[in-house]
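What follows is one structure encoded as structure tokens, with my remarks underneath.
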Amino acid sequence: MTSTRRPATGRRAAVLRREAVLATVPVAVAALLAAAGPATAGTIGQSGVGDPYFPSAGNGGYHVRHYGLTLRYDTTSRHLDGTAVLSARATQRLARFDLDLNGLKVTRLTVDGAAARFSRDGQELVVTPRHALRKGQNFRVTVTYNGTPKPVTDPDGSHDGWIPTDDGAFVAGEPQGAMTWFPANNHPRDKSSYDFTLTVPKGRTAIANGVFLGERTAHGRTTFRWRQSEPMAAYLATATVGKFKVERYTTRDGIQVYNAVDPREASAAAPVLKKLPSVLEWESRLFGPYPFRAAGSVVDRAPDVGFALETQTRPLYDSAPDLSTLVHESAHQWFGDSVSLTSWKDIWLNEGFATYAEWLYSEQHGGDSAQKSFDTLYAKPAGHELWAYPPGNPGSGANIFGTPVYARGAMALHELRKAVGDRVFVRILRTWATEHRGVHGTTAQFVRLAERESGKNLDGLFHTWLYTKGKPDKA
Ligand code: ARG
Ligand code: ZN
């Protein structure tokens, strides 16, 4: 690592601060000056997008329009060979820029066909193209790489990314894991279309996002092709590999469904997966048209994962899901996948909404009312983990998947519903999904939209339920 390369953030900043105290001060000062030096100012892509919880996530200076990922995975040796072709556009003049890649060995890297210099620094793959890229220039980066992918450990201790299983790999990237298997602009602020060409040993299936384009077997290997044409954040990409039973059909609404189920989970999963079309129809009636042309599920057996993920178009389950989990991951297709975060701090816009969808589903299908779900939670004493931090400001990456984000996030929506009435509440959810379809949304934008649609001042309500520490007083 050379600390002179770019502005200090995160761990790098901590290292620099320590150096400033412990090492010879002039060296550290020189490093800091060089990092901000005029020779490179304005032409170096930032090493992160500026997310306070994940300072190295994503990169500045360009937008990836499309990823073409060609991967070959050997389920016995666990070796991955990859070629990633990124079609990007420079948003500033770029003498140098970063990609995110964690582990793996890069053997060749070209920019517009010309070999480019590159180096590694933690999760940053630092690229110096032969010629600086002009602002607005379209360019193509081709990265050839290989190795044994390993999951990353998240601040909350969970693993994400390429997670080996007994028959393949469970590939789930929220929030950071995409970079464990392909070089990416690894932050939901950058959304792209994807093509996948995945080669695995014959007898295994490789499942990615979007529409299934076909499979071909030759020389003991099968290649699966997939296309995700609607914009997708990198963390929602998958290339899950295993022995799967596959089921394909098209719904009444013309959505192409592809379900892949580990045979050991098949009998438990069947009654729940059968409900997928009716769940998507119910959610479409509430939230507006389903945002993608493909859907489905991957039900794996991955006992050490411990979570499901709303992988775009095709949620991933680490074992047969129950119905409310299916409802939850399906609701994320609108809230989280189609409408993306700009900052991980806003995670309640994903998890609070998907949880509230579970409550509404239950209410409308003979289960507990949303009010009952709310009351059960509200009865938790002030010292309960539910009240440990406010969902609109979880405080760190370690808290983004905690109970307050899911449960108190849903409680905030329930309070909104009571304040504006059912009709306006549903209009707010639907307008949110429609106006931000395929792009991004922030909490501030949601609050403004709710106020606009209801004609009410809701600052107090959101302040109390999203931002106030401790158990709120009942409204
Ligand atoms: N978004 C997932 C859900 O539907 C949870 C992902 C948790 N990921 C993690 N690394 N802990 O709830
Ligand atoms: Zn969720």
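The values are calculated or read from the model by the stated rules, or taken from the named source; none is laboratory data. Since we're looking at a predicted model, the values are computed, not measured. Every residue, glycine among them, receives a Cβ derived from its backbone with ideal geometry; neighbour counts consider all protein chains shown. These accessible areas exclude ligands, DNA and RNA; they are computed on the full protein's heavy atoms, side chains included. Shrake-Rupley method; radii C 1.70, N 1.55, O 1.52, S 1.80 Å.
Of note, His219 satisfies the criterion of being open to solvent by 10 Å² or more (accessible area, probe 1.4 Å) and at pLDDT 95 or above.
Scanning segment 300-315 for residues that are open to solvent by 10 Å² or more (accessible area, probe 1.4 Å), farther than 16 Å from Asn350 by Cα and within 16 Å of ligand 1 (Cβ to nearest atom) yields Pro303, Asp304, Val305, Gly306. Taking first residues from segment 96-120 that are farther than 18 Å from Asn186 by Cα and partners that are of a type in the set (D, E, K, R) and not in a strand (DSSP E or B), the Cβ contacts under 6 Å between residues at least 6 apart in sequence or on separate chains come to Ala114/Arg130. For segment 220-244, a residue qualifies if it is under 26 Å from the mean Cα position of the chain (by Cα) and either free of Cβ contacts under 8 Å to residues at least 60 places away in the same chain or part of a loop (DSSP other than H, G, I, E, B) (or both), and the qualifying residues are Thr223, Phe224, Arg225, Trp226, Arg227, Ala237, Thr238, Ala239, Lys243, Phe244. Just to be sure before I move on: is Tyr406 aromatic (Phe, Trp, Tyr), in a helix (DSSP H, G or I), touching a residue at least 24 places away in the same chain (Cβ under 8 Å) and within 12 Å of ligand 1 (Cβ to nearest atom) in the structure I sent? The answer is yes for Tyr406. Number of residues in segment 365-384 that are of a type in the set (Gly, Ala, Ser), exposed (fewer than 13 other Cβ atoms within 10 Å of the Cβ) and either touching a strand residue (DSSP E or B) at 6+ places or on another chain (Cβ under 6 Å) or farther than 13 Å from Lys471 by Cβ (or both) equals 1. Just one of the listed residues (Leu286, Leu341) is more than 16 Å from ligand 1 (Cβ to nearest atom), touching a residue at least 24 places away in the same chain (Cβ under 8 Å) and closer than 29 Å to Tyr467 by Cβ, and it is Leu286.
Every listed requirement among (1) touching a strand residue (DSSP E or B) at 6+ places or on another chain (Cβ under 7 Å); (2) over 23 Å from Leu360 (Cβ atoms) is met by Ser267 save one, (1).
Within segment 431-475, being outside any helix (DSSP H, G or I), farther than 21 Å from Pro390 by Cβ and open to solvent by less than 30 Å² (accessible area, probe 1.4 Å) holds for His436, Gly438. Annotation note: Cβ proximity below 8 Å between a residue of segment 156-177 that is among the hydrophobic types (A, V, I, L, M, F, W, C) and a residue that is within 16 Å of ligand 2 (Cβ to nearest atom) and part of a loop (DSSP other than H, G, I, E, B) (sequence gap 6+ or interchain) occurs for Ile163/Val305; Phe170/Val305; Phe170/Asp318; Val171/Thr238; Ala172/Thr238; Ala172/Val305; Ala172/Phe307; Ala172/Thr311. The single condition among (1) out of contact with any Ser or Thr (no Cβ under 8 Å at 6 or more places or on another chain); (2) assigned to a strand (DSSP E or B); (3) within 28 Å of Val126 (Cβ to Cβ) that Ser193 does not meet is (1). Do you know which residues across segment 385-410 are open to solvent by 30 Å² or more (accessible area, probe 1.4 Å), under 19 Å from the mean Cα position of the chain (by Cα) and of a type in the set (A, V, I, L, M)? Selection gives Ala398 alone. Scan segment 153-175 and give yes if some residue there is within 15 Å of ligand 1 (Cβ to nearest atom), over 25 Å from Val261 (Cβ atoms), crowded, with 24+ Cβ neighbours inside 10 Å and within 14 Å of the chain's Cα centre (by Cα), otherwise no. Checked segment 153-175: at least one residue is within 15 Å of ligand 1 (Cβ to nearest atom), over 25 Å from Val261 (Cβ atoms), crowded, with 24+ Cβ neighbours inside 10 Å and within 14 Å of the chain's Cα centre (by Cα). Of the listed requirements (1) closer than 25 Å to Val257 by Cα; (2) buried (at least 22 other Cβ atoms within 10 Å of the Cβ); (3) within 16 Å of ligand 1 (Cβ to nearest atom); (4) under 21 Å from the mean Cα position of the chain (by Cα), Asp346 misses just one: (1).
Asp318 meets the conditions (1) open to solvent by 10 Å² or more (accessible area, probe 1.4 Å); (2) more than 26 Å from Lys150 (Cβ to Cβ); (3) of a type in the set (D, E, K, R) in every case but one. The failed one is (2). Exactly one residue out of Ser319, Ser297 is within 16 Å of ligand 1 (Cβ to nearest atom), within 21 Å of the chain's Cα centre (by Cα) and part of a strand (DSSP E or B), and it is Ser297. Of all residues in segment 94-151, those satisfying the criterion of being open to solvent by 50 Å² or more (accessible area, probe 1.4 Å) and β-branched (Val, Ile, Thr) are Thr107, Thr148. Taking first residues from segment 253-266 that are touching a residue at least 40 places away in the same chain (Cβ under 8 Å) and among the charged types (D, E, K, R) and partners that are open to solvent by less than 70 Å² (accessible area, probe 1.4 Å) and assigned to a strand (DSSP E or B), the Cβ contacts under 7 Å between residues at least 6 apart in sequence or on separate chains come to Asp262/Gly242; Asp262/Val299; Glu265/Val299. If the requirement is being over 28 Å from Ala444 (Cβ atoms), within 16 Å of ligand 1 (Cβ to nearest atom) and either open to solvent by less than 30 Å² (accessible area, probe 1.4 Å) or part of a helix (DSSP H, G or I) (or both), which of these qualifies: Ser324, Ser362? Exactly one of Ser324, Ser362 is over 28 Å from Ala444 (Cβ atoms), within 16 Å of ligand 1 (Cβ to nearest atom) and either open to solvent by less than 30 Å² (accessible area, probe 1.4 Å) or part of a helix (DSSP H, G or I) (or both), namely Ser324.
One residue stands out among those in segment 252-289 that are of a type in the set (Ser, Thr, Tyr) and open to solvent by 20 Å² or more (accessible area, probe 1.4 Å): the one that is farthest from Gly438 (Cα to Cα), which is Ser267.
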